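In what follows, a structure is listed as structure tokens, so that the remarks can point back to it.
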Ligand SMILES: [Zn+2]
Ligand SMILES: [Zn+2]
């Protein structure tokens, strides 16, 4: 019998959880950002301007579910090649979320860990943003705790500076036993499709599209994230993990300590499913599929040991 790793009930909602507007350093006014994402078929959006939650602009009657949020940043005084950015999402409707603004802080005022702890204890869903773009070392990433997720793909950092991927940081965290989820997001600053929009999103299955439901499902890790491919289902059947997706040219299984495997479609064909027999002893398993255009979708890790 198959046991899915996805929630049984609800429908899938697509969202971008990291974007900027003219409120800080983005080029697009909030109303246009909301309209543009809605027209692209997104169900939810977080405007995460730097150090400000401006929920006054997120009123009733919008064509998309707004998740209140911000991006906190810390400037590193001793080493100006470094900065730490953290996205925080608030699990309550915009009308109930007070507007907040803080000054950008330096690492002398607040250590990175203290910022993460404050955001987490405030009830926010906390995402470590673009660690490669921030030039964080693996040991700096590993030394921080309390974040729910890490940006495995950030469209803006990838398209503008080729530093938007964090797969390796993610696997290092997972191999050390940390239960950290991944996300893909845009980190939208531009206005045009060519810049940093519509390149990576999360897909969350819930009964309703509301901030508390979306963020509860994200906290539980029962979602996937994508640049294009659709993951229809994945789960376990006896001692085999099954995975089904839209047509893809490659499907990769990552496990640890066993090292997983890669499957490639035969010439002229595409893959829509694989089955991976567990070898025993896996700490976690996760799957990525890549379509004909080279776009990836990622499952979150499933942990096999209590
Ligand atoms: Zn940032
Ligand atoms: Zn940002």
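The number of residues in segment 185-198 that are in a loop (DSSP other than H, G, I, E, B) and under 15 Å from residue 129 (Cβ atoms) comes to 4.
Return only the number of the condition from (1) away from ligand 2 (no atom under 16 Å from the Cβ); (2) part of a loop (DSSP other than H, G, I, E, B); (3) surrounded by 15 or more Cβ atoms within 10 Å (Cβ to Cβ) that residue 24 does not satisfy. (1) is the only condition that residue 24 fails.
Among the criteria (1) surrounded by fewer than 18 Cβ atoms within 10 Å (Cβ to Cβ); (2) in a helix (DSSP H, G or I); (3) within 15 Å of the chain's Cα centre (by Cα), the one residue 157 does not fulfil is (1).
Could you please let me know if residue 73 is more than 28 Å from residue 207 (Cα to Cα), within 16 Å of ligand 1 (Cβ to nearest atom), not in a loop (DSSP other than H, G, I, E, B) and not assigned by TED's automatic domain parsing to the domain that holds residue 275? In short, yes. Annotation: residue 212 fulfils all but one of (1) buried (at least 18 other Cβ atoms within 10 Å of the Cβ); (2) in the same structural domain as residue 46 (by TED's automatic domain parsing); the unmet one is (1).
Considering only residues that are in a helix (DSSP H, G or I) and crowded, with 17+ Cβ neighbours inside 10 Å, look in segment 76-116 and name the one that is farthest from ligand 1 (Cβ to nearest atom).
Across segment 76-116, the extreme among qualifying residues is 94.
Among the residues in segment 163-172, are any more than 18 Å from the chain's Cα centre (by Cα) and either assigned to a helix (DSSP H, G or I) or touching a residue at least 24 places away in the same chain (Cβ under 8 Å) (or both)?
So far as segment 163-172 goes, no, none of its residues is more than 18 Å from the chain's Cα centre (by Cα) and either assigned to a helix (DSSP H, G or I) or touching a residue at least 24 places away in the same chain (Cβ under 8 Å) (or both).
The values are calculated or read from the model by the stated rules, or taken from the named source; none is laboratory data. Since the structure is predicted, the reported quantities are computational estimates derived from the model, not experimental observations. Positions of Cβ are generated from backbone atoms using ideal geometry, with glycine treated the same way; all protein chains shown enter the neighbour counts.
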